[in-house]
Amino acid sequence: MRRPWVIGVSGASGTPYPAAVLNALLDAGEAVDLVVSRAARLTILDETGRPFRDAHWKDDLGAWLGRDLVDADVTYWPAGDLAAGPSSGSYPVKGMVVVPASTAACAGIAIGLSKDLLQRAAEVNLKERRPVVVVPRETPVTRSHLEHLIALHDAGAVVLPASPGFYGAGASATAAQLVDFVAGKILDALGVPHTLFRRWSGELNAERS
Ligand SMILES: Cc1cc2nc3c(=O)[nH]c(=O)nc-3n(C[C@H](O)[C@H](O)[C@H](O)COP(=O)(O)O)c2cc1C
């Protein structure tokens, strides 16, 4: 039976993060169900210069990810489709990642608002006790943002801020390496093998050279 990961892209800055996660999951042969919020269309347009359209999702996703999707196992569900597969707990999925997670998405999921398919699918995966990874991207944060993250943590989500470490690639790390660090931590949380970053070996970079 097909059991995809649901990837929810909400309207926070950081569109390279979902691109790296989607590419890594597809490279690992995982199936993906994709949901892109209305606001995420603005961040995708702003940060990539490309539109993301329901009617042309495969072309737009392929251009965004820089890959041919012919052999990729990707299903796309419009965010307004509240009857879509991932809106139900009986639809078989492995779990869900919300990347990046806007403060609005964090709040909506934390209080069970289900204002769109992204929020509903996240709530469904929490109630089904499946892995849910939420990747907030906002700084600084208010008390209310923090309270929503605590509520998500208490409901079983892994709260994984888009907060790259520099110890793998060093202080001259490229933006792509920093993005891959966060994407790799997300795949670690899902238990999907990857080679997105060099793991800590117990040796400082200076000792290695
Ligand atoms: C270009 C752009 C960048 C944004 N960046 C962020 C951000 O980094 N973090 C955040 O929480 N919201 C950000 N927002 C605001 C969200 O898009 C807004 O709160 C929206 O309602 C989120 O809706 P969604 O959770 O349904 O995607 C940004 C909006 C725009 C247009």
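The values are calculated or read from the model by the stated rules, or taken from the named source; none is laboratory data. Since the structure is predicted, the reported quantities are computational estimates derived from the model, not experimental observations. Neighbour counts run over all protein chains shown; Cβ positions are idealised from the backbone, glycine included. Accessible surface areas use protein heavy atoms only, side chains included; no ligands, DNA or RNA. Shrake-Rupley method; radii C 1.70, N 1.55, O 1.52, S 1.80 Å.
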>> Among the residues of the stretch 165-186, what is the count of those that are touching a Pro at 6+ places or on another chain (Cβ under 9 Å) and in a helix (DSSP H, G or I)?
In response: 10
> Going through the stretch 114-140 one residue at a time, which ones are near the ligand (Cβ under 10 Å from one of its atoms), open to solvent by 10 Å² or more (accessible area, probe 1.4 Å) and either in contact (Cβ under 8 Å) with a residue 12 or more places away in the chain or touching a helix residue (DSSP H, G or I) at 6+ places or on another chain (Cβ under 6 Å) (or both)?
Replying inline: K115, D116, P136, R137, E138
> Of these, E123, E138, E203, which one is over 23 Å from A24 (Cβ atoms) and over 16 Å from the mean Cα position of the chain (by Cα)?
Replying inline: E203
>> For the stretch 163-172, check the following and say yes or no: at least one residue is in contact with a Cys (Cβ under 8 Å, 6 or more places away or on another chain) and open to solvent by 40 Å² or more (accessible area, probe 1.4 Å).
In response: no
> What strands (runs of 3 or more DSSP E) completely inside the stretch 3-106 contain at least 2 residues that are at pLDDT 95 or above and either hydrophobic (A, V, I, L, M, F, W, C) or near the ligand (Cβ under 9 Å from one of its atoms) (or both)?
Replying inline: 5-9, 32-36, 95-101
